[in-house]
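These notes are about the structure you will find just below.
Only the coordinates and a few stated rules stand behind these numbers; no lab work does. Everything quoted here is computed from the prediction, not taken from an experiment. Cβ sites come from the backbone with ideal geometry, for glycine too, and all protein chains shown count toward neighbours.
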Amino acid sequence: MNIYVCIGSSCHQRSSYAVMRQLKAMIAENRLGNSVFVSSAFCLGHCAAGVTIQIDDEIITGVGMGNIADIFQDRILAAVR
Amino acid sequence: MSFFDNNVQQLKYEVLSEVAKLAFANELSAEKLMDVAGIVVPEGKARMRCCIYKERAIVNERVKIAMGGNAKKTNVVEVLEIACDECPVDGIQVTPACRGCIAHRCVNACPKQAIEVVDRQAVIDKSRCVECGRCIAACSYSAITKHTRPCVNACKANALAINKETKKVAIKEDKCISCGACVYRCPFGAIVDKSYITQAIRILLESRNNAVFKVYAVVAPSFASQYAAIPEITIEKVVTAIKKLGFFSVIEAALGADLVAYSEADELVEKGFLTSSCCPAFVQYIQKNFAALEEHVSRNLSPMARLAKEIKQRDPYGKVIFIGPCIAKKAERQLAGVKDLVDCVLTFEELQALLNAKGIDLRALEETPLNNASFFGRIFARTGGLSEAVVQALQEKEISREQFDCKPLACNGIAECKTALLKANKRLLAENFIEGMICEGGCIGGPACLTHSSKDRAFVDSYGQKAIEKTIGDAVAVFE
Ligand code: FES
C-alpha cells in the first residue's frame, strides 16, 4: 500500500508535516514498514480541503491530527490485515 | 505605475508582454510578430532614439530575443548591436568646466606626470595616463571625468571588449559567466538575456490546465523582496497570480536550499574545504578563471535543480518552471545534469510580462499560501544566508567544533569572490568554506529583479521569520 501525504503549502499550513510524522509512527508501531509505504506529494489538487492524503488511488481530504488515528485504523490497518 | 527601477526594464517588459500575448493566443506568426514594433513604438515623436524607425528596428531585434534569440549561440546573454549607442571610450577627459585655476591639484595628484596646464587649461597626455582617477578626485570643480562604458564598468568578469572598427561592444565568450550585470547596467538596453517565455507558455498551453501533465512553478527565495515595497501586493497574491497563469502548484526553491544546506554540511566535513555551488555564475567564474579549484566546488545541485529533482521523482510527467532573479540560471538549465530536471527558466521581469499579457492585476487577487522552507532556506536570497544555513546544519547534525571547525567566508559580489579565490589558489585562505555570490547583495541584487532596493535584505529576513519550520531538519524531514 502506498500513501502520499501532501506537503504543499496549504496542507503544510494545516500541519501535514505532523500528520506525516504521526502516520509514520503508527506504521512503525504496527510493524507495517514492509507493506505500507509513506511518501510525500507536492500538492494533491485539493488545497482548500486539506490536509489531503492519497491511499493508493483514493484521495482523502480533511485529514488532520484529530482524525489521522481513525483513518489509520479504518482505511489502512483494516486493509492490510 | 511601473514595477521596475529603470526604463530599459520597462521597454523590455513591453516587448515581452506583446510576445507573450501572441504566445498565449497561439498566434506567433511572422506577421503578428512584425506588428509588435508598431505597438511598442506608435506613430509620433521618437522617445528613445533618433527616429521611430530606428526604435522599431531595435524592437524587432528585441522580439527575436523574446523568442529565444540566436539558437546558434549558446550564451544566454547577447549583444543587440543595433541598440549599442557606441558610448565614448576615451578614458579620462578634461571638460570645459576646467577653470584653469592656479592650484593645479590635478597636476600634483597625477603619479605619472601626465597632466600639464597649457593656456590655463589642464591637458592630459594620453600616452602617459594610466586612468587611475586621482586627478578626478583632486579637481575642485569636478572638471575631470572618466569615460568608460557602463557595460564595461559593470562587467567585473572582464568579458566585454569594444570592437575597434564598429565601436560596438562584444562579449568575450571565454570570460563571460552570464551573470547579467551588463544587462542590468547598459543604459541603452543593448545587452540582453535570451528569453524562454514562449517555451514556458507552450508548456502551460500543452498541459491543458494541468490535465495532460502538471506544471510546477519553483520560485527563488528572492521572491520575498520583489513586491515587498508595494503594500497592496502580498506574496500570497502573487502565488494566486502564478496559478492563474496555469501553474498547478507554486513551491519555494528555498526548500531546495534547505536540502542543499543539509547535504553541503556533510560534504564540507568530508572534504575539509569547499566552495558553494548555488550561484551558477560563481561556478562558471571558477571554471573559467580558477580551473585548479574546480574540484573544491560542492557537488550539490543548486537549490533550483535539487528541488526540481524531488518534484520529478514524485511526478515524472510533471514539468518544472523556475522563476527567479537570475540570468545565469538560464545557462545552468542547459547543463547536462539539469536539463531534464528543470524544463524552463523565467525571470521575475518575465513573470511580470506574462501576468500583464494575461491581464492579471496583482492587487485584486485573493491569497494562496506559500510555506515550504525553513528560515535558513529562505535567507539564501541574500549574501551570508548560505553560510548561516551551513553552520546551522552542522549544529543540527550535532557536529561539534572539535569534530569540524567551520569557518565560512561569505563573498558578497564578484570582487570579493575573486579575492577569496586568489587566496585559496595560493592556499592562503584562512577560511574553509567559500560562499560565492556573484551579484552584489546576493540573489536580491540579481539582474532580473524587479527592484534593487537597500531594504530588500530586511524583506528577505522578515519573510524568513514567517516560515513554519524553524530548523532545516524539520523542513527536510518530509523527504526521508
Ligand atoms: S497543497 Fe495539499 S492539496 Fe494542494
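Points worth noting:
- Elements of type helices (runs of 4 or more DSSP H) in segment B:1-104, at least 2 residues being farther than 24 Å from residue B:186 by Cβ and free of Cβ contacts under 8 Å to residues at least 12 places away in the same chain: B:30-40
- Any chance residue A:15 is within 14 Å of chain B (Cβ to nearest Cβ) and either in contact with a helix residue (DSSP H, G or I) (Cβ under 6 Å, 6 or more places away or on another chain) or under 29 Å from residue B:320 (Cβ atoms) (or both): yes
- Qualifying residue in segment B:463-475 (condition: part of a loop (DSSP other than H, G, I, E, B), surrounded by fewer than 15 Cβ atoms within 10 Å (Cβ to Cβ), within 27 Å of the chain's Cα centre (by Cα) and among the small types (Gly, Ala, Ser)): no
- Helices (runs of 4 or more DSSP H) contained entirely in segment B:127-239, each with at least 1 residues that are within 14 Å of chain A (Cβ to nearest Cβ): B:223-226
- Criterion violated by residue B:291 - all others in (1) out of contact with any Lys or Arg (no Cβ under 9 Å at 6 or more places or on another chain); (2) without any contact (Cβ under 8 Å) to a residue 60 or more places away in the chain; (3) crowded, with 24+ Cβ neighbours inside 10 Å satisfied: (3)
- Across segment A:19-28, the number of residues qualifying as within 8 Å of chain B (Cβ to nearest Cβ) and within 15 Å of the ligand (Cβ to nearest atom) comes to 1.
- Qualifying residue in segment B:244-262 (condition: within 14 Å of chain A (Cβ to nearest Cβ) and farther than 28 Å from residue B:209 by Cα): yes
- Residue in segment A:9-18 that is more than 10 Å from the ligand (Cβ to nearest atom) and not hydrophobic (A, V, I, L, M, F, W, C) present: yes
- Close pairs from segment B:454-480: first within 12 Å of another protein chain (Cβ to nearest Cβ) and more than 19 Å from residue A:41 (Cα to Cα), partner among the basic types (Lys, Arg) and assigned to a helix (DSSP H, G or I), Cβ under 8 Å, at least 6 apart: B:467/B:378
- Residue in segment A:35-49 that is facing another protein chain (nearest Cβ under 10 Å), within 11 Å of the chain's Cα centre (by Cα) and aromatic (Phe, Trp, Tyr) present: no
- Residue in segment B:431-444 that is without any contact (Cβ under 8 Å) to a residue 40 or more places away in the chain and either within 14 Å of chain A (Cβ to nearest Cβ) or exposed (fewer than 15 other Cβ atoms within 10 Å of the Cβ) (or both) present: no
- Residues that are hydrophobic (A, V, I, L, M, F, W, C), buried (at least 18 other Cβ atoms within 10 Å of the Cβ) and within 8 Å of the ligand (Cβ to nearest atom) within segment A:46-63 comprise A:47, A:51, listed in sequence order.
- Answer residue from segment B:310-324, given it is free of Cβ contacts under 8 Å to residues at least 12 places away in the same chain and out of contact with any Phe, Trp or Tyr (no Cβ under 9 Å at 6 or more places or on another chain) and is nearest to residue B:204 (Cα to Cα) among those: B:316
- First in segment A:58-81 and farther than 12 Å from residue A:23 by Cβ, second anywhere and exposed (fewer than 14 other Cβ atoms within 10 Å of the Cβ), Cβ under 8 Å, 6 or more apart: A:80/A:35
- Segment A:29-45, subset more than 16 Å from the ligand (Cβ to nearest atom) and surrounded by 17 or more Cβ atoms within 10 Å (Cβ to Cβ), residue nearest to residue B:479 (Cα to Cα): A:36
- From B:302, B:298, residue being touching a residue at least 24 places away in the same chain (Cβ under 8 Å), hydroxyl-bearing (Ser, Thr, Tyr) and touching a Pro at 6+ places or on another chain (Cβ under 7 Å): B:302
- Residue within segment B:182-195 that is closer than 30 Å to residue B:369 by Cβ and touching a helix residue (DSSP H, G or I) at 6+ places or on another chain (Cβ under 9 Å) present: yes
- Test for residue B:193: is it of a type outside the set (Phe, Trp, Tyr) and crowded, with 24+ Cβ neighbours inside 10 Å: yes
- Residues of segment B:223-273 that are under 30 Å from residue B:395 (Cα atoms), surrounded by fewer than 21 Cβ atoms within 10 Å (Cβ to Cβ) and among the polar types (S, T, N, Q): B:263 alone.
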